[in-house]
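Bear in mind these aren't lab numbers, they're just calculated from the coordinates by the rules spelled out. Remember, predicted model here, so these are calculated numbers, not experimental data. Cβ atoms come from the backbone with ideal geometry, glycine included; neighbour counts cover every protein chain shown.
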Amino acid sequence: QKNLHLLSPQQVELAKILLELGQSHLFEHWAEPGVDDNEKKAFFDQVARLNSSYPGGLASYIKTARGLLADSKAGKNPFDGFTPSVPTGEVLTFGDDSFISFEDRGVREARKAAFVLVAGGLGERLGYNGIKVALPAETTTGTCFLQSYIEYVLALQEASNRLAGESETEIPFVIMTSDDTHTRTVALLESNSYFGMKPSQVKLLKQEKVACLDDNEARLAVDPHNKYRIQTKPHGHGDVHSLLYSSGLLQNWHNAGLRWVLFFQDTNGLLFKAIPASLGVSATREYHVNSLAVPRKAKEAIGGITRLTHTDGRSMVINVEYNQLDPLLRATGFPDGDVNNETGYSPFPGNINQLILELGSYIEELSKTGGAIKEFVNPKYKDATKTSFKSSTRLECMMQDYPKTLPPSARVGFTVMDSWVAYAPVKNNPEDAAKVPKGNPYHSATSGEMAIYRANSLILGKAGVKVADPVEQVFNGQEVELWPRITWKPKWGLTFSEIKSKISGNCSISQRSTLVIKGKSVYLKDLSLDGTLIVNAAEDAEVKVEGSVHNKGWTLEPVDYKDTSVPEEIRIRGFRINKIEQEERN
Ligand code: UGB
């Protein structure tokens, strides 16, 4: 009351809203008028932001929170009435005829697609100090994830336009950032000239954090570092839908004749090898929603794609998050929970959070929901009475929960690809990765890089190159397969047919070799490589690589992740590349 005169009429309104919502405790410790007045104004700026960035405002946030907290306290099962079963989807085999025709269709569709990278997370499990998209996907060339993603989109754009006989179409590229990642993402783009993309083609959408909750009545938590602020935490990647909707981008894209929106995550160096084919599946099967999936090891930290059938007859295909799948199965007649079957994998395909949405139906749905996604809350209670929390909690939402509000007529499908070609994220720090049960993927910087070499080696093998078998090696306590270090620019090998068309004769690559292809029109013929070969080719120059290349090459020198004299992005992978000798061709 005493501070009311400091406030603008809008701020007085906000104060009233807070009081009506049972949040008077936020003002209890405020100083007398004249003391900390600027901080008090800043408090209302924050409240205004929290109010405007959430669909329905703070009133809606608190109402939803009370409902979800009550359900959580009562131990209500979010899957009440639902029985899980294994759904059927499109299963692709890299390189076979059907895969090749899906790839071709996907490349044709790409000029009608927009790409959305969700990169607002700090990656707490990885514990890296920088932003994850700046990490090298592999250290042979040092290409970071963001560069690799942008180059893939540009290569797709070029190939798709070529097939359509034009050159003008630009594929929109959106990055969702947060306060944790925004400034550093902008700096990374700007200091690298947007990795060759036009700056106007890239749009950044920043997600806001949401208010933390102190108790079951959804009293907002005071920031422990500043009594004039509400504590906030990330709301999750599900924010991407409301941001795309409220930015007006979806409508612009629709008006421009686009048909697809593709969502993907921050550190999967393989993903774009799977994108053309899965976009082809979306177009051929006319899916409104298509999630990309890989065979999943039981208890692996990726969600399971599941068919949920309700006792009232409703049924949907949806991701069940990794921490919920096991309890759901145990509660519904699968006493062993989440376990591998005779194939060595869980029967539920693993969600890799690569979603392809059909734009028309997406806009239709979002104009009803405003992009709000079904949320959840995960409070850590002090004891069994569930009356108080160990630390404040907040509502969260996930982008893959989008189909939850769709009508039963929606065509929701999924596409399964082998992990070796589609999924190798960098999520776990070396210490935790080394503890992953044997046979399960490490999801570390080490395994992420090794997976790129493995995939490229296997692909060249399928295209007719004799690639030597890998050797087993241990880096940062993780046993990995070390294949020849083969990398290429996306514009060289966007699809399997394109790669095949650039290889002829008897080519071979030894295990200790490194091959870097930087140009577009590079043709390998009767190449015998034992060492390191770098092929540079100017934009349209055609380079034929033939004959034998033999030199000392590049070796991998182990480093320990605890050795802080080594830069963090190197030591988290457990090796550094020692560039002893190479041959360059132009
Ligand atoms: N992200 C944001 O942009 N904003 C946020 O507030 C949070 C994250 P994590 P998670 O494919 O391996 C997901 O933390 O959430 C971005 C799926 O839910 O890496 O544990 C962040 O920058 C799960 O079903 O993953 O698990 C990153 O790009 C499974 O599919 C992305 O969101 C798993 O990913 C994912 O964030 C997986």
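To one decimal place, what Kirkwood hydrodynamic radius in Å is obtained for the chain from all pairs of distinct Cα atoms?
When all Cα pairs of the chain are included, the Kirkwood radius is 25.8 Å.
Given Cα pairs under 8 Å that are at least 6 residues apart, what percent is the relative contact order of the chain?
Once divided by the residue count of the chain, the mean separation gives 15 percent.
Just the ratio, please: alpha-carbon radius of gyration of segment 180-316 over 2.2 N^0.38 Å, N its number of residues.
After normalising by residue count via 2.2 N^0.38 Å, the value is 1.39.
Where the convex hull is taken over the Cα atoms of segment 106-152, what is its projected area averaged over directions, in nm²?
4.4
How would you classify segment 293-399 from its alpha-carbon gyration tensor, with a ≥ b ≥ c the square roots of the eigenvalues: rounded for a/c under 1.5, else prolate if a/b is greater than b/c, otherwise oblate?
It comes out oblate by the Cα gyration axes.
Using the Kirkwood formula on the Cα atoms of segment 211-284, what hydrodynamic radius do you get, in angstrom to one decimal?
Hydrodynamic radius (Kirkwood, Cα only) of segment 211-284 equals 16.3 Å.
Take each of the peptides 204-214, 328-338, 414-424, 440-450, average the number of other beta-carbon atoms within 10 Å over its residues, and list them starting from the highest.
440-450, 414-424, 204-214, 328-338
With only alpha-carbon pairs counted, each pair once and no self-pairs, how large is the Kirkwood hydrodynamic radius of segment 26-80 in angstroms?
On the way: mean 1/r = 0.0723 Å⁻¹.
After inverting the pairwise mean of 1/r, the radius is 13.8 Å.
For helix 145-164, report the angle its Cα long axis makes with the longest principal axis of the Cα atoms of the chain; keep it between 0 and 90° and round to the nearest 10°.
Helix 145-164 sits at roughly 70 degrees to that axis.
With runs of 4+ DSSP H residues as the only contributors, calculate the mean residue ellipticity of the chain at 222 nm using -39,500 (n - 2.57) per run, divided by the residue total and rounded to the nearest 500.
-9000 deg cm²/dmol, from helical runs alone.
Modelled label-to-label distance, GLU190 and GLU170, 7 Å Cα→beta-carbon offset: nm?
1.9
Quick one: compute the contact order of segment 1-61, relative version, from alpha carbon pairs under 8 angstrom and 6+ residues apart, as a percent.
Relative contact order for segment 1-61 comes out at 40 percent.
If you average the sequence gap of Cα pairs under 8 Å that are 6 or more apart and divide by the length of segment 157-284, what percent do you get for the contact order?
Rounded, it is 16 percent for segment 157-284.
So if the hydrodynamic radius of segment 340-416 is defined as the Kirkwood radius over C-alpha pairs, what does Stokes-Einstein give as its diffusion coefficient at 25 °C and 0.890 mPa s, in µm² per second? Could you put the intermediate results ahead of the total?
Values: Rh = 15.9 Å.
Stokes-Einstein gives a translational diffusion coefficient of 154 µm²/s.
Report the convex hull volume per residue for segment 485-569, counting only C-alpha atoms, in Å³.
Cα-based convex hull of segment 485-569, divided per residue, equals 127 Å³.
Angle check, please: helix 271-285 long axis (alpha carbons) against the longest principal axis of the chain (alpha carbons), in degrees 0 to 90, nearest 10.
That helix lies at roughly 80 degrees to the long axis.
Could you state the principal axis extents of the C-alpha atoms in segment 145-243, from the largest down, to the nearest angstrom?
So the extents along the principal axes, rounded to whole Å, are 60, 28, 20.
With +1 on each Lys and Arg Cβ and -1 on each Asp and Glu Cβ, and nothing else charged, work out how big the dipole of the chain is about its Cα centre, in Debye to the nearest 20.
With Lys and Arg at +1 and Asp and Glu at -1, about 360 debye.
Determine, for HIS237, HIS5, HIS182, the number of other Cβ atoms within 10 Å of each Cβ, and report the residues in order from fewest to most. Walk me through the numbers on the way to the answer.
Working: HIS237 25, HIS5 8, HIS182 19.
Ranking HIS237, HIS5, HIS182 by Cβ neighbours within 10 Å, fewest first, gives HIS5, HIS182, HIS237.
Relative to the longest principal axis of the chain, what angle (0 to 90°, nearest 10) does the C-alpha long axis of helix 359-369 take?
Here the helix axis deviates by roughly 10 degrees.
For segment 429-469, take N as its residue count and report Rg(C-alpha) divided by 2.2 N^0.38 Å.
1.45
Any chance you could tell me what percent of the C-alpha pair distances in segment 16-119 go past 19 Å?
Roughly 73 percent, once rounded to a whole number.
Please report, in whole Å, how far the alpha carbons of segment 526-583 spread along each principal axis, starting with the longest.
The Cα atoms of segment 526-583 stretch 44, 26, 14 Å along their principal axes.
More than 16 Å apart: what percent of Cα pairs in segment 126-199 qualify?
Tail fraction, whole percent: 55.
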